[in-house]
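The values are calculated or read from the model by the stated rules, or taken from the named source; none is laboratory data. Bear in mind that the values here come from a model prediction, so they are computed numbers and not experimental data. All Cβ positions, glycine included, derive from the backbone under ideal geometry; neighbour counts span all protein chains shown. Remember, those area values only see protein heavy atoms, side chains included, never the ligands or the DNA or RNA. Shrake-Rupley method; radii C 1.70, N 1.55, O 1.52, S 1.80 Å.
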Amino acid sequence: MYYKGWYHFFYQYNPKGAVWGNIVWAHSVSRDLINWVALEPALRPSIPGDRYGCWSGSATVLPDGGGPVIMYTGVDHPDINYQVQNVAYPKNVSDPLLREWVKPSHNPVIVPEGGINATQFRDPTTAWRGPGPEQWRLLVGSAAGSSPRGVAYVYRSRDFRRWRRVRRPLHSAATGMWECPDFYPVSKGGAPRAGLETSVPPGPRVKHVLKNSLDLRRYDYYTVGTYHPRAERYVPDDPAGDEHRLRYDYGNFYASKTFYDPAKRRRILWGWANESDSAADDVAKGWAGIQAIPRTVWLDPSGKQLLQWPIEEVEALREKSVTLKNRLIKAGHHVEVTGIQTAQADVEVSFEVSPAALAGAETLDPALAYDAEKLCGVKRADVRGGVGPFGLWVLASANRKERTAVFFRVFKPAAGSDKPVVLMCTDPTKSSLNPNLYRPTFAGFVDTDISNGKISLRSLVRVAVQQVFFFVQQLRRVYDVFILSAVSARYFFFLLQIDRSVVESFGAGGKTCILSRVYPSLAIGKDARLYVFNNGRAHVKVSRLTAWEMKKPVMNGA
């Protein structure tokens, strides 16, 4: 949240080691979302309602100088995982750093009554104001039924002390438990990248987003729809939206949360990525789990989906740069980008593909037409295609035995469509010589029309977050590299950011996003290299490539 000139970030943290358990709410603050200072934990288990952990929740900044209030899940019984919702307030609302928090004696304020499964009842959202005397509303995620449906229960309150559950849930779907729900308005046809305060009501130019983290699949899904505040119902615009859900990110990205930033009138999204190496590795390095780059999120002009982009403050880390122009990448060839350290760099590259080349795109297997991840697993970076795969090898070793591929691949239109299909994929299968790693391919389809030879695609790939990777005991040193990809007229334009354990990419101006964890053993620091590659049968031209080295931010005061 943003309060009195400071950004506040609360996160689940184990002060006793890089393993799960002993969870408290750690607390860091920043002026710019880039450089962070750690404070004392905000919440520790201290009352019956959180005796066995202070788990996920949200903050709400009250109007008219009322200060912030935190709602969070606590566990009050060790054997049955009985989950309740608690409230906490700042001890001193005039303290901009909010260094001390108080839990009133009337906790817990919400308990799982009325047939709710007490072991699946958690993660209250930021509250918003609505009509009626019980003006405050929030959601709590849950599951209902023997074949559990994900459920978002609505609770109302006058004062954050007494809460009453609305009889019907805001929305539900046959997906299993809904964790970490989020619900917020977005502007339809407003200024680009503009955000709305959480309590803005629905209207002709306002839609709402309902996001849930699916406990069974470990991905974050969302729908865009209409909120009916008096009935307390949410209806997705796409009737099939619950079955064919959109995702914030098609990679390793979970338990996300947005907040409204009044300083720049934008909505910012935070997401979490766990580790893909072993628990023993976590203990050895002293930390586990990272945050993705904070993203600005807004509604696409089509109104069908969200767009996401790294916050603009990241560009303040740019330093030395290098530029290439009009380099032809022939079929089966690659070019190394030299002149800067590419273990921490910000790279923009535009690829040009001719309409004639697009005519040679390969046919899409109908069995894979709706499963981008499986398609990427079959059509990996080393599998020759018609148009693509082409893109970037990041965190590559000198002999290229280690490399992580971020690429595009174009297919002929699927049955019943006249629009070519664009696949965006991250392939980490050759990212490390270490055999004991989880290295799945991640992919998403890019909703862009290139049938006329004009391609507009923008992609950010990131190999570890340059923000707050200060989870668990030790602070993390961060190395960033960005690759932005934006294609206008038949141009692919990339922006890539690289650090040494994450590749984070954004395609089509933020329509398709992928975060992947990688752990190279050779391509580290000065030994990390960056290449442009083309494994398609059609030539691809790099119209322009600009790369910047990235300086290190202050990480929790380190």
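Within region 296-319, the set of residues being in a loop (DSSP other than H, G, I, E, B) and open to solvent by 10 Å² or more (accessible area, probe 1.4 Å) comprises ASP300, PRO301, SER302, GLY303, LYS304, GLN305.
Yes/no per residue for (1) among the charged types (D, E, K, R); (2) surrounded by 18 or more Cβ atoms within 10 Å (Cβ to Cβ); (3) part of a loop (DSSP other than H, G, I, E, B):
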residue: GLY251; (1), (2), (3): no, yes, yes
residue: LYS264; (1), (2), (3): yes, no, yes
residue: SER276; (1), (2), (3): no, yes, yes
residue: SER321; (1), (2), (3): no, no, no
residue: ARG327; (1), (2), (3): yes, no, no
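When the residues of region 43-55 are filtered to those that are in contact with a Phe, Trp or Tyr (Cβ under 9 Å, 6 or more places away or on another chain) and open to solvent by less than 30 Å² (accessible area, probe 1.4 Å), which remaining residue is nearest to LEU98 (Cα to Cα)? Once the filter is applied, the top-ranked residue is LEU43. Taking region 280-295 only, how many residues are open to solvent by less than 10 Å² (accessible area, probe 1.4 Å) and in a strand (DSSP E or B)? Count: 2. Take the residues in region 82-92 that are under 29 Å from VAL37 (Cβ atoms) and in a loop (DSSP other than H, G, I, E, B); name whichever of them is most open to solvent (accessible area, probe 1.4 Å). Checked region 82-92; the qualifying residue most open to solvent (accessible area, probe 1.4 Å) is LYS91.
Of all residues in region 31-42, those that are closer than 13 Å to HIS8 by Cβ have Cβ atoms under 6 Å from Cβ atoms of residues that are at pLDDT 95 or above and surrounded by fewer than 17 Cβ atoms within 10 Å (Cβ to Cβ), 6 or more apart or on another chain, in LEU39/ARG99.
Of everything in region 365-385, what is open to solvent by 10 Å² or more (accessible area, probe 1.4 Å) and outside any helix (DSSP H, G or I)? Give them in sequence order. The answer is ASP365, ALA369, TYR370, ASP371, LYS379, ARG380, ASP382, VAL383, ARG384. Count of region 386-399 residues, restricted to those that are under 24 Å from the mean Cα position of the chain (by Cα) and either farther than 18 Å from ARG517 by Cβ or part of a helix (DSSP H, G or I) (or both), is 1.
Restricting attention to region 405-420, and to residues there that are more than 30 Å from TYR519 (Cβ to Cβ) and at pLDDT 90 or above, which single residue is most open to solvent (accessible area, probe 1.4 Å)?
Let us first name the residues in region 405-420 that are more than 30 Å from TYR519 (Cβ to Cβ), namely 410-420.
Applying the additional criterion that residues be at pLDDT 90 or above yields 410-412.
On the way: VAL410: 2, PHE411: 2, LYS412: 77 Å².
The extreme case among them is LYS412.
Restricting attention to region 153-177, the residues that are within 24 Å of the chain's Cα centre (by Cα) and over 13 Å from ILE110 (Cα atoms) total 8.
Just one of ASP79, ASP64, ASP95, ASP123 is at pLDDT 95 or above, surrounded by fewer than 22 Cβ atoms within 10 Å (Cβ to Cβ) and not hydroxyl-bearing (Ser, Thr, Tyr); which is it? Quick ask: steps written out before the conclusion?
Numbers: ASP79 fails: at pLDDT 95 or above; ASP64 fails: at pLDDT 95 or above; ASP123 fails: surrounded by fewer than 22 Cβ atoms within 10 Å (Cβ to Cβ).
Just a single option satisfies the conditions, and that option is ASP95.
Identify, please: which residue in region 98-113 is at pLDDT 95 or above and charged (D, E, K, R) and is, among those, nearest to VAL37 (Cα to Cα)? Looking at residues that are at pLDDT 95 or above and charged (D, E, K, R), I get ARG99. For LEU457, all conditions in the list (1) open to solvent by less than 10 Å² (accessible area, probe 1.4 Å); (2) closer than 24 Å to SER417 by Cβ; (3) at pLDDT 85 or above; (4) out of contact with any Leu (no Cβ under 9 Å at 6 or more places or on another chain) hold save one; what is the number of the exception? Of the numbered conditions (1) open to solvent by less than 10 Å² (accessible area, probe 1.4 Å); (2) closer than 24 Å to SER417 by Cβ; (3) at pLDDT 85 or above; (4) out of contact with any Leu (no Cβ under 9 Å at 6 or more places or on another chain), the odd one out for LEU457 is (3). Pairing residues of region 95-108 that are within 16 Å of ILE47 (Cα to Cα) with residues that are among the β-branched types (Val, Ile, Thr), at Cβ distances under 6 Å and at least 6 apart in sequence or on separate chains, gives LYS103/ILE47; ASN107/ILE47; PRO108/VAL84. On the stretch given as region 3-42, residues that are farther than 26 Å from PRO310 by Cβ, open to solvent by 40 Å² or more (accessible area, probe 1.4 Å) and not basic (Lys, Arg) total 5.
Checked against (1) without any contact (Cβ under 8 Å) to a residue 60 or more places away in the chain; (2) open to solvent by 30 Å² or more (accessible area, probe 1.4 Å); (3) hydroxyl-bearing (Ser, Thr, Tyr), TYR72 meets all criteria but (2). Per the listing ALA255, ALA284, ALA263, the residue uniquely of a type in the set (Gly, Ala, Ser) and free of Cβ contacts under 8 Å to residues at least 40 places away in the same chain is ALA284. Filtered by the rule that a residue be among the polar types (S, T, N, Q) and either within 23 Å of ILE340 (Cβ to Cβ) or out of contact with any Pro (no Cβ under 9 Å at 6 or more places or on another chain) (or both), region 517-548 gives SER521, ASN534, SER543, THR546. Note on region 336-353: residues that are among the charged types (D, E, K, R), in contact with a Lys or Arg (Cβ under 6 Å, 6 or more places away or on another chain) and under 22 Å from ALA316 (Cα atoms) amount to 1.
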